[in-house]
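Engineer: Here it is, the structure, as structure tokens.
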Amino acid sequence: MTQHRRYQDVAAMIRAEVARRKLPPGTRLDTERQWSQSLGVSRSLVREAVIMLEIQGLVEVRQGSGIYLLAEPAEPAPAPQDDVGPFELLQARQLLESSIAAFAAEQVTKGDILKMRDALEAERAYIEAGGGPDYSSDELFHRLIAEATQNSVLTTMVEELWAARDRSPMWARLHARIFNQDYRANWLDDHQAILDALRARNPEAARRAMWAHLGHVRETLLAVSDADDPAFDGYLFQPVPEIGRRSPDP
């Protein structure tokens with residue numbers, strides 16, 4: 001059964017507004033910030049909706065310039081009906097993997113720590129060598145944390161989330177907008193903090209470190225893939241509040 005996703009509703013609202021205004025091809029559309037405000041939805045939902053419209057061939061995203069309306073194709077590409085939105089996927093990972101990290105801190109073995117340390121060093125060496133957008137060492141580090149729970153079901157759940165990302169046309173389109181990989185060095189620091197908490201066998205520190213890391217990933221991807229303004233004020237994106245913690249004041 002095909003699951004309906006919220007970003008599809010937002011894409012439909014954008015299309016309806018474009019039709020209502022009778023905008024000709026080539027028109028520069030509102031910015032993502034403007035769509036977010038006028039439609040009353042989050043910035044991440046607008047980003048996902050625009051990616052969907054881009055895949056369908058209805059808009060063109062020009063980095064640092066904006067979103068432009070294309071001529072209505074005779075047969076638009078099918079919408080990615082079963083494709084989970086990139087930021088929805090990251091939210092799910094944040095909720096699941098923070099709990100997994102906490103449990104792993106209680107179950108982790110010396111062998112697990114050594115494997116994670118080696119994976120982190122491989123990731124560091126690849127980034128420092130100026131490697132391209134290869135996330136295999138990143139994925140390995142997260143999978144090893146799940147394996148450290150000694151629970152194969154949790155490991156499979158993490159693997160399935162990464163597999164959903166790898167087969168996602170929307171995720172691929174999001175990453176096609178990213179030209180600067182410098183942000184990945186910051187994620188290394190996040191990974192080191194997670195590893196340190198696991199080594200200390202501190203469940204709460206591990207949970208918070210993973211939560212913070214995947215929050216940073218969401219915020220970073222919103223910023224570096226922004227089509228309207230590469231330096232947009234990221235505070236407009238409010239990440240999901242941590243369970244049991246009060247959301248920060250706006």
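The values are calculated or read from the model by the stated rules, or taken from the named source; none is laboratory data. Small disclaimer: the values here were computed from a predicted structure and weren't measured. A quick note on method: Cβ atoms are made from the backbone with ideal geometry, for glycine too, and the neighbour counts reach across all protein chains shown. Quick note on the areas: whole protein, heavy atoms, side chains included, nothing else; ligands and nucleic acids left out. Shrake-Rupley method; radii C 1.70, N 1.55, O 1.52, S 1.80 Å.
Engineer: Need one word for segment 104-200: rounded, prolate or oblate. Basis is the Cα gyration tensor (sqrt eigenvalues a ≥ b ≥ c); a/c below 1.5 gives rounded, then a/b vs b/c decides.
Structural biologist: Oblate, because a/c is 1.5 or more while a/b does not exceed b/c.
Engineer: Okay, next question. Could you give the Stokes-Einstein D for segment 17-170 in µm² per second, using the C-alpha Kirkwood radius, 10 °C, 1.306 mPa s?
Structural biologist: Once the numbers are plugged in, D ends up at 86 µm²/s.
Engineer: Using a Förster distance of 25 Å, how high is the FRET efficiency between Leu114 and Asn186, based on the Cβ-Cβ distance and rounded to 0.05?
Structural biologist: Given R0 = 25 Å and the Cβ-Cβ separation, E is 0.55.
Engineer: So, R0 is 30 Å and r is the distance between the beta-carbons of His175 and Thr27; what FRET efficiency does that work out to, to 0.05?
Structural biologist: Result of the calculation: an efficiency of 0.65.
Engineer: What's the extension gain from Leu70 to Arg6 if we count 0.36 nm per residue and subtract their Cα-Cα distance?
Structural biologist: 20.7 nm
Engineer: Ignoring everything but the protein chains, give the 1.4 Å probe accessible area of Asp166 in square angstrom, nearest 10.
Structural biologist: 100 Å²
Engineer: Taking all protein chains together and a probe of 1.4 Å, list Lys115, Lys110 from the most accessible to the least accessible.
Structural biologist: I get Lys110, Lys115, largest accessible area first.
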